[in-house]
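Reading through the structure tokens given below for one structure.
Every number here is computed from the coordinates shown, using simple stated rules; none is lab data. None of these values were measured; they are calculated from a predicted model. Here the Cβ is made from the backbone with ideal geometry for all residues, glycine too, and neighbour counts use every protein chain on show.
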Amino acid sequence: MKLIDRLLLKDLISPFLTGLAMFTVLVFAVAFLPQATDMLLQGAGIAVVSKLVLLSMPEVITQTLPMALLLAGLLGFGRLSGDSETIAIFAAGISFPRAARTVALAGVVVSVLAFLWNDLVVPPCKREFASIRQNIAAKMLKSDRPLDYPIRRNDNSIDKYVTVSHGYDAKTKALKGVTIIQFSAGKGRAGMIEAELHCERATARDLKSITDWTYFNGWITQYLYDANSSTIESVSVTQFKELKSTPQLAMGMSYEEVLGSEITDPNARNFVQLRRELENDRKHGRLQDARGKEVNLYGKIALPLAGMVFGILGAALGCNTRRGGNRTVGFGMAIFIVFLYYVFYRSMWVIGQNGGMPPILASFLADIIGAVVALYLAFNASR
């Protein structure tokens with residue numbers, strides 16, 4: 001290892017570890033601390049909540065590794081610039097690209113480690129986290145707490161909307177005060193109510209099935225429309241004491257899914273598992289779901305790759321900013337850059353899921369723009 005590499009690594013390691021700790025605390029406080037506080041207030045044991053906190057940390061670390069490398073580049077090269085050591089480095093015949101090679105290689109290492117960490121460590125922790133949360137919900141959820149969720153078609157339009165107005169009974173595995181609204185997909189009537197079911201309770205015959213439900217003490221209202229004007233021609237109401245669910249008026253989710261929908265988080269699956277689900281969705285014609293999972297699939301690469309981009313960007317900014325060595329300025333600048341990156345990344349993610357652009361472009365566009373900006377600033381720093 002060359003002397004310049006040892007010098008730069010020495011200046012990068014300390015701010016990298018400092019940034020990793022600070023950003024981890026910051027992200028955890030924003031994303032997970034309110035959830036942990038709510039569970040403690042609702043009566044969950046401190047041991048269970050502490051376990052959930054530990055299980056949430058791997059996902060937080062995946063997000064903060066690129067941030068920490070950005071801060072390391074800013075503070076490391078900022079200190080060299082502030083102490084005029086960059087002048088000595090350049091005067092010795094070492095160009096900025098050569099000096100930045102160290103942080104670029106560090107970025108490659110961090111990106112690879114972040115991908116492996118996100119693929120091997122995060123999914124089992126996320127699944128265990130969701131499982132514990134679901135068990136807590138099943139034990140602590142008040143019987144009168146309302147629930148609601150939409151069931152979508154492949155084109156992302158709403159097929160049904162389900163509300164559970166009075167919560168559920170844990171002993172009988174029954175949802176109370178269930179209303180299912182079926183929306184029409186017919187030409188000229190899209191989005192109009194076609195039928196609705198209301199019942200006193202819905203009981204799951206199979207906790208994992210989305211169709212094996214029985215409805216008790218309710219009625220079904222069907223709306224018949226005029227074929228020419230799309231106006232309501234007649235309304236029929238049928239009462240029942242016990243009725244098995246039908247495909248037209250089904251819950252759309254299993255009992256376990258209703259109470260624990262967070263298990264569908266893509267972070268609970270690794271790269272191979274998510275790709276397998278993606279291919280299965282395509283096979284069965286669920287194109288909207290497949291598109292969303294494809295964006296998430298490429299995102300498992302794009303987010304760790306941001307570490308390398310952030311490292312070079314931080315080094316270039318550190319050299320271009322005389323006050324880059326100041327920790328307060330460096331930390332503030334790092335937060336601002338990370339904020340811009342994630343706002344743009346999330347915006348492209350939403351556009352990609354909705355079909356506004358190819359999923360691969362939606363996932364990597366933030367990295368591409370960040371790399372262009374980093375190269376531009378690196379060019380200025382080397383002049």
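Things worth noting here:
- If you count Lys pairs in the range 155-253 whose Cα atoms are under 19 Å apart, skipping same-chain pairs closer than 8 places in sequence, the total is 11.
- Taking a straight Cα-Cα cut-off under 21 Å and skipping sequence neighbours fewer than 8 places away in the same chain, the lysines within cross-link reach of Lys10 are Lys2.
- DSSP beta bridges in the range 155-253 [antiparallel fraction, %, rounded to 5]: 100 percent
- Calculated log₁₀ intensity ratio I(q)/I(0) where the Debye formula runs over C-alpha points of the range 1-60, q = 0.12, 0.17, 0.24 Å⁻¹: -0.45, -0.65, -0.93
- Dividing the convex hull volume of the alpha carbon atoms of the range 155-253 by its residue count gives 98 Å³ per residue.
- Kirkwood-Stokes translational diffusion coefficient of the chain, alpha-carbon pairs, 37 °C, 0.692 mPa s, µm²/s: 136 µm²/s
- Hits among lysines - C-alpha to C-alpha of Lys300 under 27 Å, sequence gap 8 or more where chains match: Lys51, Lys126, Lys283
- Ranking of Tyr376, Tyr255, Tyr223 by count of other Cβ atoms within 10 Å, fewest first: Tyr376, Tyr223, Tyr255
- Charge dipole (debye, nearest 20) of the chain; +1 at Cβ of Lys and Arg, -1 at Cβ of Asp and Glu: 880 debye
- Here the range 155-253 is assigned +1 on the Cβ of each Lys and Arg and -1 on the Cβ of each Asp and Glu. Its dipole about the Cα centre then comes out at about 380 debye.
- Packing-based exposure ordering (other Cβ within 10 Å, fewest first) of Thr62, Thr172: Thr172, Thr62
- Antiparallel content of DSSP bridges confined to the chain, in %, to 5: 100 percent
- Using alpha-carbon coordinates, inclination of helix 327-353 to the longest axis of the chain, degrees: 40 degrees
- Take every pair of alpha-carbon atoms less than 8 Å apart whose residues are at least six positions apart; their mean separation over the length of the range 155-253 yields a relative contact order of 22 percent.
- Rounded to the nearest whole Hz, the Karplus-based 3J(HN,Hα) values (6.51 cos²θ - 1.76 cosθ + 1.60, θ = phi - 60°) of the range 90-102 follow the sequence 5, 5, 7, x, 9, 7, 5, x, 5, 5, 6, 4, 5, with x at glycine and proline.
- When each of Phe339, Phe32 is scored by the number of other beta-carbon atoms lying within 10 Å, the sequence from fewest to most is Phe339, Phe32.
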